[in-house]
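Shown next, in structure tokens, is the structure this report addresses.
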Amino acid sequence: MKHPAIQVRNLTKRYGDVVAVDSVSFEVAAGTISALLGGNGAGKTTTIAMLLGLLLPTSGEIRVLGEDMLHHRYRVLGRMNLSSPYVDLPYRLTVWENLSVYANLYGLRHVRKRLQQLSQELDLEAFLHRPYGTLSAGQKTRVALAKALLNEPEVLLLDEPTASLDPDTADRIRSYLLDYQKSSGATVLLASHNMPEVERLCSDVIMMRTGAIVDRGSPRALIARYGRATLEEVFLAIARNNGQEEPRRRVAP
Amino acid sequence: MSEPTRMFSPRRIGAMVLRYVYLLRGSWPRILEMFYWPAMQIILWGFISQFFMLHSSWVAQASGVLLAAVLLWDVMFRGQLGVSLAFFEEMYSRNLGHLFVSPLRPYELVLALLAISFIRTTIGVGGAALLAIPLYHYSIFEMGLPLLAFFTNLLVMGWSIGLLVAGLVLRYGLGAESLAWVAIFALAPVSGIYYPISVLPGWLQGIAWLLPSAHVFEGMRAVLFDHVFRFDLLTNAIVLNLVYIVGGAAVFLRSFHAARVRGLLLRVGE
């Protein structure tokens, strides 16, 4: 495995008696695209929120780009970014205004140039000066992605990056993400319910169920291991607990 | 040290102020509202003052006392709303998650909230103060330097309450947003805005003197009636305000920590 960009050890999050994430450990190699897969309530979003420090874990360790995220997250937050359907941008600000604010928060040197570049690459120009709240779901997703790429992050966390997009737009976003990862060498960790997307983008898949990691491998390896035709069938087998592998197996990194 | 890793960045604070300026600029009802309420207050209290000038020997001694009181009260009220409503905007727009995966520190957000509150209060109340000059031939600016001391102290007290309210709403959700209006009006009767603290029952006077605003309004009346600037009252107000602002910021930052424990930065709402 390449040098890990993300290292997680025994990460646990409890809300009272509810265990949202149950002692998960994994590493994500630098310069790869990996996926967290699992059904609703599997703990994917909770794990991503903890990786960024939006949510404090009950116990466990997180290191991103070598830094301890529980104590020194500000050393690396400028080198990371997030896109998630669970957070939004101010509706009354235009796209340009929103991106300008975030460009300044990330301390970009050439704000206008970067905004113009992203506008062209993500095809935002037609609605750059419209209020964010008036955009379609697909347009909003592209803007959120532009915000996530403003600082050219070394670690990019994407929570359902193509949710609610039509197939054409979703395909373009996937192509763009692949190009971005190849050209920048960034590490991308995405949570998704879209199996074809994961098969296309990711070299490594971490399968989660009820807060725990139950399996891990490349899409091809998982398909072969479970004797299924597609990753979606593997997902269903695990979700319904009738996979050939022992369920809830914790996988050492 | 690169910009994102700096402990304190004026640029990040500026970015957040810019965000609130964009919000104001893009919404004419918000701009109008900034002037509207202070202007309505001054028009109403201007007529009340004119009436009392003829029927109250107390008001007649210092014709501007009610107008000065209403303007200074509005400083505190607008100062508080400026902080809490700007913070609510982040909750309404579900933007907190994005803000706090950026290098923005919570205390930088606090400073940005204070800055935009200062701007909004100065524009809103300043506009009303200017309006009083042609309408009632009263200029609060004639008070001179004491006005600056009163303005600053009431603004800081408004900020303290604003931070307290923002912290509580972050912790308990937008269902508690009415605190923004409830909290400050609960202090109005014991602040001695329109009457001396000595009017209050003895036990309530003890509570009143714990408020910086009570010292400010007593100080204002000393200037207007006796033409004396009471440094003792100013000192009391400053000391109390230091306690209040530290307390307000502590509650906000503590609530922010609690929000990170409970996952509220991703799930803001009622």
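Miscellaneous remarks
- Flag if A:Gly39 is at positive phi, touching a residue at least 12 places away in the same chain (Cβ under 8 Å) and more than 9 Å from chain B (Cβ to nearest Cβ): no
- Test: B:Gln61 is more than 13 Å from chain A (Cβ to nearest Cβ) and buried (at least 24 other Cβ atoms within 10 Å of the Cβ): no
- For first residues located in the range A:1-22 and more than 13 Å from chain B (Cβ to nearest Cβ) and assigned to a strand (DSSP E or B), partners that are small (Gly, Ala, Ser) and surrounded by 19 or more Cβ atoms within 10 Å (Cβ to Cβ) and lie 6+ apart or on another chain with Cβ distances below 8 Å form the pairs A:Val19/A:Gly211; A:Asp22/A:Gly43; A:Asp22/A:Gly211; A:Asp22/A:Ala212.
Here is a yes/no grid of residues against (1) at pLDDT below 95; (2) among the basic types (Lys, Arg):
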position	(1), (2)
A:Val188	no, no
A:Leu201	yes, no
A:Arg209	yes, yes
A:Tyr226	yes, no
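- Some residue of the range B:230-248 being among the hydroxyl-bearing types (Ser, Thr, Tyr) and over 23 Å from B:Phe77 (Cβ atoms): yes
- Verdict on A:Leu157 being at pLDDT 90 or above and in contact with a Cys (Cβ under 8 Å, 6 or more places away or on another chain): no
- Evaluated against (1) facing chain A (nearest Cβ under 10 Å); (2) surrounded by 14 or more Cβ atoms within 10 Å (Cβ to Cβ); (3) farther than 17 Å from B:Gly127 by Cβ; (4) at pLDDT below 95, B:Arg12 falls short on exactly one condition, (4).
- Scanning the range B:240-252 for residues that are surrounded by fewer than 17 Cβ atoms within 10 Å (Cβ to Cβ) and farther than 11 Å from B:Val156 by Cα gives B:Gly247, B:Ala250.
- Across the range A:36-93, the qualifying residues are those that are more than 23 Å from B:Arg267 (Cα to Cα) and of a type in the set (A, V, I, L, M), and the one among them that is surrounded by the most Cβ atoms within 10 Å (Cβ to Cβ) is A:Val64.
- Counting residues in the range B:72-88 that are under 21 Å from the mean Cα position of the chain (by Cα), more than 23 Å from B:Gly248 (Cα to Cα) and surrounded by fewer than 23 Cβ atoms within 10 Å (Cβ to Cβ) gives zero.
- So B:Arg105, is it on the phi > 0 side of the Ramachandran plot and not aromatic (Phe, Trp, Tyr): no
- Qualifying residues in the range B:1-45 (those that are among the polar types (S, T, N, Q) and touching a residue at least 60 places away in the same chain (Cβ under 8 Å)) - the one nearest to B:Tyr136 (Cα to Cα): B:Gln41
- When B:Met34, B:Met7 are checked against the criterion of being within 11 Å of chain A (Cβ to nearest Cβ) and either surrounded by 15 or more Cβ atoms within 10 Å (Cβ to Cβ) or not in a helix (DSSP H, G or I) (or both), B:Met7 stands alone in meeting it.
- Sole exception among (1) outside any loop (DSSP other than H, G, I, E, B); (2) touching a residue at least 40 places away in the same chain (Cβ under 8 Å); (3) under 30 Å from A:Asp88 (Cα atoms) for B:His257, by number: (2)
- Of the residues B:Ser84, B:Ser139, B:Ser102, the single one that is within 14 Å of another protein chain (Cβ to nearest Cβ) and hydroxyl-bearing (Ser, Thr, Tyr) is B:Ser102.
The values are calculated or read from the model by the stated rules, or taken from the named source; none is laboratory data. Owing to the predicted nature of the structure, the values given are computational and were not obtained by experimental measurement. Using ideal geometry, Cβ is built from the backbone for each residue, glycine included, and neighbour counts are taken over all protein chains shown.
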